[in-house]
Structure formats: C-alpha cells, structure tokens
Amino acid sequence: MIHVWMFLLLLVGATGFAWGLPSDGDDREPTSILTLPADPISYQPGPGSDLASRYCLMCHSAEYVYTQPPHSREHWMEIVNKMKTTFGCPISNEDMALLVDYLVTQNSLQPSPSAQHVQRDDRKETPGQPLTQSGDPQKGKTLYARHCVTCHGSGGKGDGPIGQALIPPAANLTLLGKQSDQTILDTLRNGRTGTAMPAWKNDLNALELNHLLSFLRTLTP
Amino acid sequence: MNEKNPGINRRHLLKGSLALGLASLLTPRGLWATDSPAVTLPFERGRRPLVAFPQKRPLMVMTTRPPQLETPFHIFNEDIFTPNDAFFVRWHLANIPQEIDVNTFRLTIRGRVNQSLSLSLHDLHTQFEQVEIAAVCQCGGNSRGFFQPRVPGGQWGNGAMGNANWKGIRLRDLLHRAGIESDAVQVRFDGLDQPVAQGTADFRKSLTLDDALQEEVLVAHSMNGEALPLLNGFPLRLVAPGWYATYWVKMLNDIEVLNQADQNFWTTQAYRLPANACHCVKPGEALTDTVPIGKMPVRSFITNMEDGQAIPGGKPCSIKGIAFDQGYGIDRVLLSVDGGQEWQSARLGKDFGDFSFRPWEAQFIPKPGHAYALQSLAINRIGESQRFSARWNPSGYLRNVIEPVNIHAS
C-alpha cells in the first residue's frame, strides 16, 4: 500500500491549513508533513569506519564527529563510553577500542600514525560503473555476515541483537520480495531516513552492493 | 511509542525512497565542498554549510540528523524578532514525527490532577484565553564553541538563540482546568519525538509546580503570528520565558503533574551545572555536586559589526546590538571602544517586554587609522551584569562573558 501523499514535500503546509481551527467533518488534508534531508556525509573510509557506520549512524549523522573540536583519545573513549552506557548504544566490548581508534584517526589532536593514510576515498563510487550488476550471493552472504547480521539477524528477519533494540526495529528482509532491485540498492547505498539504516555507499562499492542484493533475494521465500 | 504516535513504524517502512530527491542535492562532496555556501565560525572545525530545511531559509547546519541548525548572526541585526524561517533548531532524538494530523492530535494533562484532560487543538483555541508574550529562546549550549579549553557537545556559535512573539494558552489555565492535587510538586513535559535506540531515554523536562504556574509560561501554538514551524515544535511547544530552551519542550503532547521530584534522565543526568554560585569549575576539575540548568544570565551582543571589519574614520559610527536576561529586564547597556577601559551608556531602544531582546545603540567617532576593541556590557534591573572573564564548565553552559569585536577605521 503506497501512500503517495506521505511523500509530498510540504514546505509551507503547516502555516497553510493549521489555524483554520480544524473541526469535526472537516475534510481538508489535515496532515502536516516534515521531510528531512538525508545525511549529507558518511564516515570517511578507513579501519573501523564500518563500526562508526553501524553504531553511530543509528542515532545521529556523521557531522556529530566532524564538527567536534579535536579530542584526545581519552575524550573519545569517554564519549563512546557515554554513548554505550548512558544513551544505550549496543556497542560490543570488543568493538569499543576499534571504534575509539577510528574516531581518533578522524578528529584528534594526536592522530595515530595510521591516520595519515586515511584519506577521503571516493573509489567506491566509480563514475560510469553500472549500479545494477549481477552479484554473487555467496560473496553477498559474507558481506552480510560482516555488516548486516547484527541488526537484521542471520535469517534476515530483523531479529539481530542490535536490531531489536532500535525504534523502529530493523527491517524484516524476508519481506522485500516486491521491492525492485533499484529500490533495494538505493536503500543500501543511501540508507533510510528516520531509521538506523545507514548509507553504505562509502563502505561498499557497487559490485559489493549487488552481491548483497543477490544474497537478500535468497532470503525471500 | 505506538500509544503516543500510532503509525510511525508503518511510515518508517515507507521512507526508503523519500530522501533520494534531496540526497542528490546533498552529496557529501557537494555539501561540504569548500565552494558551497557556508559560514565559518571562528574556532576549529567551525565550517557550517548553509542548507534550507523544510520551512526554513538556509541556516548553518551543525548536524543534519537530528537537526541542529544555527541562525547566521547577521539576522540578529536585521530584526529584533527572529523570523520563523531563520529561528535556530535543536532536536535531541532523531525519531521526529514526520507528520502531524491536526484533527486527531491531542494534548493530555494527567497525573496528580482531579480530572485528566485530553484536548484537541480546536479545544485549545476556543476554550482558553489566548495570550502573547515576547521572549528569548536560547539553547543552554549557545556559544559552546567559544569555550577554552574546548568541551564536547554541540559546537554552537552565538546563533543558538532567537526572540519571538509566542502566542498560546497559559499553562496554569490548563492545570487549573484539570485541578491540581494537593500533593503535586512538579510538572513534566513530553513531546512526540522519540529515541532511535531503546536504551536512550525519551526526552522529557520538568519544572517545579511554582515555576509552572507563573503567568508567563505558555503552551504556545504560534510564533510571530504564524503556526510554529515543524522544526520548532509544531503544533505545540512549551514556552518558559527566562528559562533555557531545554525546558521549551517541542511537539508537546503530554503534561504530567508529579507528586515527587522527576527522576528521568534528562533532568537528573543531562543539562547539569556545577553546584556552586558561579556554576563553574577549573578546566579539567571533576564535578562533585551538580544542579539542573535553569534561567539565563544577562547577555548582550554587538550585531552590526563583525570582527575585523573596516569602518570609515572621522565621522560618527553607530554601534548597534541586543541585550536580554531571564526576565528582570535590561537596565542599561554600556559600550567601550577601547577594550574595557572607558565606558559610555548606550541608548536603549523599544521595550518589547522583560523577556525580549532589547535593542540598543551608541555612537563614537573613530579616528582614521586607529583600531578599536568594542565591548558591550549589559546590566539587568536587579544589578546583575555580564561577566568580564569567561566561566568554564565541562558541558559548555551559561556563557555570558563580554563578547569583544575588533574593528579598525580607515
């Protein structure tokens, strides 16, 4: 069921109708819609960027890291710990240190030596590379186990350990049967506004995304 | 969440393709490219792209999700009331309802009351006296980016504030309609926004009953003569004049009267100040006792001069600005052009009420070839002034030090 009206970008809607004192039986369009822009930037590719995408992008855009003043490692550790213990981010203990390492490479007064090798990497989006290709479901399965399973679960039902802790919960991927390849690839590339689904286009290239797509097709009954 | 906002899960399932149209306009390289429109604040990592969000003109984007948008500072020189489409935006939680049905929306008043109320927007417009007040809404972390040493948190310049004419219903009229139980001590406010992770506390704030019953506290439905923009809390927000904006709960849909002190996270753990008279500590010093953030100390700003600006020498130069406090009202504003050695009184402009920005203006004749260190100092009607030296606390709250502006005459 597609509610086309939900997608209308109503920039002036709220002022247009709201103060005509809505009353019973009033059949004007009563709904005010807020369509927010997608995240403008991703985490820069580098060791641990997939962790930042998986954990940090659940609740906030990557600008939260890049607009901070350069923090020491200790500060980043405190911040990540606060996200885990105070704000309930389900970061596993083994990922904590790797995530802090990554944040130090991104924005720190004393970047680790490896930071010098972390550069803006746009290779993932090669111009002219077809977005839809034939993927290998076996390779997709490997990628799925690395990037997706913690939220979407091994069977794709959205029942991964993190997925159940999200509002809304992670999507049930076994229900994607009616979605076009293009729609699924778009979601994989750009993420989904209003949910914890991050954009993967800077972590996975077009071929890898198509591997994932072909694996996702095996989940549909 | 479903009892508060039925249907949001369903909508989220439909949103996959929503953002794509905008995404093409907001590619990483496009938005953060150095040649795209931006304001660069005078601190490290201070570049803020200018992007128009729904119902907003291009504002300085600190973060896109949840939205945190800063008002470019020149706006404060153009109008004493900040235009709705330029008013700053700050959300804590990314699950912001993306649609509001004005016919089914209800505001509930419940808890320690004689009779719970569930009021439609129509009820609020027709059954209660409509009142209007001019008041400054300022984020507790406004100017955090200027803290030295720097502190974590949202790195605002001075534009996480705004002044508006707010119109709505007195909170106390609603509470009296419901009937306050004799054991009531606090009132807690909740909006429709929701966390993304289950482990994150829903955003709620509380006032003591005495504070909640002050006549200036409103449940507002409009600002500057128009409905609230969605990003500023449509259809209703709490307006708590004099209090920092964290108390001005947006998309307000639930008011709960409590018979004990609120224990929720956003009151007991977030938005806390060192529990001393200065609300400050030495940098790096650990906090022992803390208290919740409260009302705003007095501030003033020079609005018509930017740091580094050149002005013509040898003829009168007008310096304009704004001042405000927590509602005692501005008694006087002093201006120094020599870095704080000598001061002259500025002329105060029109008085829009004790909670509003107060315009001021002063003149001096700059000598050609001379540099001037402008400082403005506001004093409120109970004799409180701005600070001459900045206070420091680890969360970057309550900045009200004199803000110097250096100019030179040609």
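The values are calculated or read from the model by the stated rules, or taken from the named source; none is laboratory data. All values reported here derive from a predicted model rather than from experimental measurement. We place every Cβ from the backbone using ideal geometry, glycine too, and count neighbours over all the protein chains shown. Each accessible area value is taken on the protein alone, full model and side chains, heavy atoms only, with ligands, DNA and RNA left out. Shrake-Rupley method; radii C 1.70, N 1.55, O 1.52, S 1.80 Å.
Structural remarks
- Spans of strands (runs of 3 or more DSSP E) in the range B:329-382 with at least 1 residues basic (K, R), surrounded by 14 or more Cβ atoms within 10 Å (Cβ to Cβ) and touching a strand residue (DSSP E or B) at 6+ places or on another chain (Cβ under 7 Å): B:330-336, B:358-364
- A Cβ distance below 8 Å, combined with a sequence gap of six or more or placement on separate chains, defines the contacts here; from the range A:68-81, residues that are in a loop (DSSP other than H, G, I, E, B) reach residues that are of a type in the set (G, A, S) in the pairs A:P69/B:G145; A:P70/A:S108; A:H71/A:S108; A:S72/A:S108.
- Residues in the range B:273-305 that are touching a strand residue (DSSP E or B) at 6+ places or on another chain (Cβ under 7 Å) and modelled with pLDDT under 95: B:L287 only.
- Positions within the range B:280-303 being within 30 Å of B:H74 (Cα to Cα) and open to solvent by 40 Å² or more (accessible area, probe 1.4 Å), in sequence order: B:K295
- Residue within the range A:206-221 that is within 14 Å of B:V196 (Cβ to Cβ) and buried (at least 18 other Cβ atoms within 10 Å of the Cβ) present: no
- Checked against the criterion of being farther than 29 Å from B:G284 by Cα, more than 11 Å from chain B (Cβ to nearest Cβ) and either out of contact with any helix residue (DSSP H, G or I) (no Cβ under 8 Å at 6 or more places or on another chain) or at pLDDT 95 or above (or both), the candidates A:P45, A:P113 yield just one match: A:P45.
- Only one of the numbered conditions (1) within 14 Å of chain A (Cβ to nearest Cβ); (2) open to solvent by 10 Å² or more (accessible area, probe 1.4 Å); (3) assigned to a loop (DSSP other than H, G, I, E, B) is not met by B:K167, and that is (3).
- A residue that is surrounded by fewer than 23 Cβ atoms within 10 Å (Cβ to Cβ), closer than 22 Å to B:I133 by Cα and modelled with pLDDT of 95 or more occurs nowhere in the range B:193-201.
- Residues in the range B:265-278 that are more than 13 Å from chain A (Cβ to nearest Cβ) and under 22 Å from B:A184 (Cα atoms): B:T267 alone.
- Qualifying positions in the range A:58-85 - more than 7 Å from chain B (Cβ to nearest Cβ), open to solvent by 20 Å² or more (accessible area, probe 1.4 Å) and among the β-branched types (V, I, T): A:T85
- The range A:148-174: number of residues that are more than 9 Å from chain B (Cβ to nearest Cβ), open to solvent by 30 Å² or more (accessible area, probe 1.4 Å) and either at pLDDT 80 or above or not in a loop (DSSP other than H, G, I, E, B) (or both): 7
- Those residues of the range B:51-107 which are more than 15 Å from the chain's Cα centre (by Cα) and among the acidic types (D, E), in sequence order: B:E78, B:D79, B:E99, B:D101
- In the range B:122-134, the condition of being touching a helix residue (DSSP H, G or I) at 6+ places or on another chain (Cβ under 9 Å), in the same structural domain as B:W243 (by TED's automatic domain parsing) and open to solvent by less than 10 Å² (accessible area, probe 1.4 Å) is met by at least one residue.
- Answer from A:D101, A:D50, A:D39 - the residue that is open to solvent by 40 Å² or more (accessible area, probe 1.4 Å), away from chain B (no Cβ under 11 Å) and in contact (Cβ under 8 Å) with a residue 24 or more places away in the chain: A:D101
- The selection criterion, being touching a residue at least 60 places away in the same chain (Cβ under 8 Å), among the aromatic types (F, W, Y), in contact with a strand residue (DSSP E or B) (Cβ under 9 Å, 6 or more places away or on another chain) and open to solvent by 30 Å² or more (accessible area, probe 1.4 Å), does not hold for B:W248.
- Qualifying residue in the range B:83-92 (condition: within 14 Å of chain A (Cβ to nearest Cβ), among the aromatic types (F, W, Y) and touching a residue at least 40 places away in the same chain (Cβ under 8 Å)): yes
- Answer residue from the range A:119-145, given it is at pLDDT 80 or above and under 20 Å from the mean Cα position of the chain (by Cα) and is surrounded by the fewest Cβ atoms within 10 Å (Cβ to Cβ) among those: A:A145
- Given (1) free of Cβ contacts under 8 Å to residues at least 24 places away in the same chain; (2) farther than 23 Å from B:Q194 by Cβ, index of the condition A:A62 fails: (2)
- For the range A:175-221, a residue qualifies if it is part of a helix (DSSP H, G or I), hydrophobic (A, V, I, L, M, F, W, C) and under 22 Å from A:G160 (Cα atoms), and the qualifying residues are A:L175, A:L176, A:I184, A:L185, A:L188, A:L209, A:L212, A:L213, A:F215, A:L216, A:L219.
- Condition check for B:G233: in contact with a Lys or Arg (Cβ under 9 Å, 6 or more places away or on another chain) and crowded, with 19+ Cβ neighbours inside 10 Å: yes
- Residue within the range B:304-324 that is touching a helix residue (DSSP H, G or I) at 6+ places or on another chain (Cβ under 6 Å), more than 27 Å from B:C280 (Cβ to Cβ) and either open to solvent by less than 70 Å² (accessible area, probe 1.4 Å) or in a loop (DSSP other than H, G, I, E, B) (or both) present: yes
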